[in-house]
Amino acid sequence: MSPRMDAFRARIGGFAFGGDYNPEQWDRGVWDEDVKLMRQAGVNLVTLGVFAWASLEPEPGRFTFGWLDEAMDLLHANGISVDLATPTAAPPAWLAHEHPQTLPVTDDGHVFGFGSRLHFDPTSAVYRGHAAAITRALAERYSRHPALAMWHIGNEYGPVAYTPGSASAFRAWLRRKYGDLDTLNDAWYTRFWSQRYTSWDQVCPPELPRSWSNPARRLDFTRFTSDALLECFTAERDIVRACRDDIPVLTNFMRFYQRADYWRWARAEDAVALDIYPDPGQDDSHVAAALNFDLMRSLRAQPWILMEQAASAVSQWKVNIPKSPGRMRLGSYQAIAHGADSVLFFQWRASRGGHERFHSAMLPHSGTGARTWKEVAALGGELPRIAAAAGSGTNAEIALFFDWDAWWGLTQTHGLPRNDFDYPALVTEHYRPLFHAHHAIDLICSRSALSRYRMVVLPNAYLVGDRFVRALEDFAAGGGTLVCSFFSGVVDENNQVRQPAYPGAFRGLIGAYIDEYWPARDGEEFAVSFADGTTCTADWWQESIHPESATVMASYAGGDFAGRPAVLSNTMGAGRVVYIGTRLDRPGLAATLLGAATAAGARPVIAGAGMPGAPEVPEFVEATRRANDCAEYLFLLNHSATDSAVIGVEPGGTDLITATPVSGPLTLPPLAVAVLEYPAAPPAT
Ligand code: GAL
């Protein structure tokens, strides 16, 4: 754990609660009411200044810090800590006007002009210079302010620029990566379509919409963009650290965000933070939310910060459905259950104008009479009861591969057997049955250590590097179970088909070769029969599989591939590899994954039916555990709005929210949450 985060945690003393606070949008008179209500709601941390550049530097080099001095002092006087943002996600009008070359150009050649936010080219030296200046001025002024608890750099980094500046930064990045043009030409396979480069000046970012451009070039430009954005973050991080080194520095990530490789970014921060807005209009949005929470925890294998969520509706979608009563509380505890050490919102007080004027807030337009305010204030009052759980960790036996290179390979390049892969959706489909069966799941990337897991799941790992292939082979040979789904192990890191194909890198692992990939027609389904007599359907994809050392677990019962293998099992050393060569329906995928998990000895976090007299834990109840040296915390969350659940839990615990001892089966009403504390097991002697 970062010592800076230890200090932050000691200062907050439990879970951080609060949100983005934009006093610059309001007259001074409103601020006193703000802090009074913040205290009423139990707010202990606010994020200040995220988009306040124009209010802090109305003209180049003229800083107007008076209002921020007053806001920081006021918050401090009221016992509220500050997560102080650098305002560099929203450059002021003067910067765009005087330096139009700081504006990004989109892939279709249009300038993304002033008037929204994130209108900066991350490679622009002028933008970076002005961002550094305001960051330095803020750091010099506020580093020693007693309210300062955390630095929040920028906001949701994401712009991509197809500018001349970005082209030259891309070339510099490529020179660092490849050294010389011959190596680049080989890596990009430029012998195809006469694409060979003879001078660095000829190399440019790909023109996406107009052509089928080189797949390795597109992949590298995507990698470069993530790195260029990260450089903006680290430049500002280093400025604030130079003024004071013991304050945590981070930025906020987004749900399933493709443009930044968060595994690499997480290493540059003191903690990971997430903004998440699960769609209340979708019944199962809590499943993908749980996956994203697990990803955030896994990125640094540490507790993380829930930086933004909505009190109720958002304003960015076509139809913005509110969170019904109890849903905000449930979602907040869900983040904590997956390792968050905070519940923070966008935003404190709803904005009167601007694009987000109908976005919900902790304090909505209708004030303290509002339902959402009451729910927010109640949650703020309740969280201190579970304060002991802050900072605790988790322990998973199953790991799920979620890797940006693998994602980019599948989705940033044309010319695949099918070009409609939705990587987050495919990963979520593999996560879902394990989540519903109450397994703890870590996310891993190609550099993660595998030995602590019993099972590793690789959904559609199209692009994998050699080192990861060796690590997977060692894992399986050492007794681990791998479950791998179709179109995996196909290309190397340069997006070139591994020879001999297919599946190149994974042939030894899956114990078979594939001579043809066979995408399905729309609506086409195939019956699949398992060796144990069960059946399911599959769609979307088939492969012409030829087992070598593998045995057939399931075959197609009809269609072009009738009688041919659909699912394989291969023994490798002391371990096992299950290969799923098609898109199984939900029951089929669940049976395959859960069968492999059971055989691997992975235990769900709650025994349910295993407890004497206890019924099965229903799918709509989520269960996770966190633990520290003193105690273990069992989180139970009922996602059903209509059904209660009776859960068999170990006796000897205390329900922290109700402060009652737990002796027998626990009843969870619809949307209810229980946090049960158990003394830590004594260390084995
Ligand atoms: C986030 C952003 C916030 C606000 C919020 C609305 O992505 O960081 O500033 O726009 O979305 O849901």
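The values are calculated or read from the model by the stated rules, or taken from the named source; none is laboratory data. Bear in mind that the values here come from a model prediction, so they are computed numbers and not experimental data. As a convention, Cβ positions derive from the backbone with ideal geometry for all residues, glycine included, and neighbour counts pool all protein chains shown.
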- [ ] Spot the failing condition for residue 314; the list is (1) crowded, with 24+ Cβ neighbours inside 10 Å; (2) within 13 Å of the ligand (Cβ to nearest atom), and only one is missed.
- [x] (1)
TODO: Could you give me the residue pairs with C-beta distances under 8 Å whose first residue belongs to region 257-284 and is closer than 21 Å to residue 321 by Cβ, whose second residue is away from the ligand (no atom under 15 Å from the Cβ) and in a loop (DSSP other than H, G, I, E, B) wherever it lies, and which are 6+ apart or on separate chains?
DONE: 280/324
Task: Positions within region 342-352 being away from the ligand (no atom under 14 Å from the Cβ) and either more than 20 Å from residue 82 (Cα to Cα) or surrounded by fewer than 24 Cβ atoms within 10 Å (Cβ to Cβ) (or both), in sequence order - done: 352
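Might you let me know whether region 102-117 holds any residue that is under 30 Å from residue 14 (Cβ atoms) and among the charged types (D, E, K, R)? Don't jump to the end; show me each part of the working.
Kept after step one, since they are under 30 Å from residue 14 (Cβ atoms), are these residues of region 102-117: none.
No: zero hits.
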Open item on the list: I want to confirm something. Restricting to region 58-68 and keeping residues that are surrounded by fewer than 23 Cβ atoms within 10 Å (Cβ to Cβ) and in contact (Cβ under 8 Å) with a residue 24 or more places away in the chain, which single residue is nearest to the ligand (Cβ to nearest atom)?
Closed with: 67
Open item on the list: For the list (1) within 14 Å of the ligand (Cβ to nearest atom); (2) crowded, with 19+ Cβ neighbours inside 10 Å; (3) under 19 Å from residue 375 (Cα atoms); (4) within 19 Å of the chain's Cα centre (by Cα), I need the number of the one condition that residue 273 fails.
Closed with: (3)
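Working carefully through the options 301, 288, 268, 335, find the one that is crowded, with 23+ Cβ neighbours inside 10 Å and among the small types (Gly, Ala, Ser). Can you show your working first?
Working: 301 fails: crowded, with 23+ Cβ neighbours inside 10 Å; 288 fails: crowded, with 23+ Cβ neighbours inside 10 Å; 268 fails: crowded, with 23+ Cβ neighbours inside 10 Å.
One residue alone meets the criteria, 335.
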Task: Checking residue 252 against (1) surrounded by 24 or more Cβ atoms within 10 Å (Cβ to Cβ); (2) under 12 Å from the mean Cα position of the chain (by Cα); (3) more than 14 Å from the ligand (Cβ to nearest atom), the condition it does not meet - done: (3)
TODO: Output the residues belonging to region 289-303 that are within 16 Å of the ligand (Cβ to nearest atom) and hydrophobic (A, V, I, L, M, F, W, C).
DONE: 289, 296
Open item on the list: List the strands (runs of 3 or more DSSP E) inside region 254-348, counting only whole elements, that have at least 3 residues being modelled with pLDDT of 95 or more and polar (S, T, N, Q).
Closed with: none
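Looking at the structure I just gave you, is residue 236 away from the ligand (no atom under 16 Å from the Cβ) and crowded, with 22+ Cβ neighbours inside 10 Å? Please lay out each step first, then the result.
Values: away from the ligand (no atom under 16 Å from the Cβ): yes; crowded, with 22+ Cβ neighbours inside 10 Å: yes.
Answer is yes for this residue.
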Open item on the list: Any residue that is within 30 Å of residue 166 (Cα to Cα) and among the hydroxyl-bearing types (Ser, Thr, Tyr) - is there at least one of those in region 24-47?
Closed with: no
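Suppose we filter 635, 526 for residues that are within 30 Å of residue 681 (Cβ to Cβ), among the aromatic types (Phe, Trp, Tyr) and surrounded by 15 or more Cβ atoms within 10 Å (Cβ to Cβ); which single one remains?
Exactly one of 635, 526 is within 30 Å of residue 681 (Cβ to Cβ), among the aromatic types (Phe, Trp, Tyr) and surrounded by 15 or more Cβ atoms within 10 Å (Cβ to Cβ), namely 635.
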